1. Are any residues in region 17-51 at pLDDT 90 or above and of a type in the set (Lys, Arg), and if so, which ones?
2. Give me the pairs, please: first residue somewhere in region 34-48 and more than 17 Å from residue 18 (Cβ to Cβ) and free of Cβ contacts under 8 Å to residues at least 12 places away in the same chain, second residue anywhere and open to solvent by less than 40 Å² (accessible area, probe 1.4 Å) and of a type in the set (Phe, Trp, Tyr), beta-carbon distance under 9 Å, and either six or more positions apart or on two chains.
Amino acid sequence: MPRTPRSPARRVRVRTDGPLLVEGPVELIMDDGTVVASDRFCVALCACRRSRRFPWCDTSHRRRDRR
């Protein structure tokens, strides 16, 4: 989604040990070139790569291996 002079900047909140919260709607271009989109007002993007729904966060970061 290219920015134009009229389009507002997207706000991204970085959470410690959690997902990236992005004000939507958003389009993401994955490594393989596929495009995934969401029209929600806020989306959570997985930052830990544990999500089964990657790139969307499914709260897998909450489950940690305890030694």
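1. Selection gives 40 alone.
2. none
The values are calculated or read from the model by the stated rules, or taken from the named source; none is laboratory data. Note that the structure is a prediction, hence the values are computed from the model and not measured. All Cβ positions, glycine included, derive from the backbone under ideal geometry; neighbour counts span all protein chains shown. Protein only, heavy atoms only, side chains kept; ligands, DNA and RNA dropped before computing areas. Shrake-Rupley method; radii C 1.70, N 1.55, O 1.52, S 1.80 Å.
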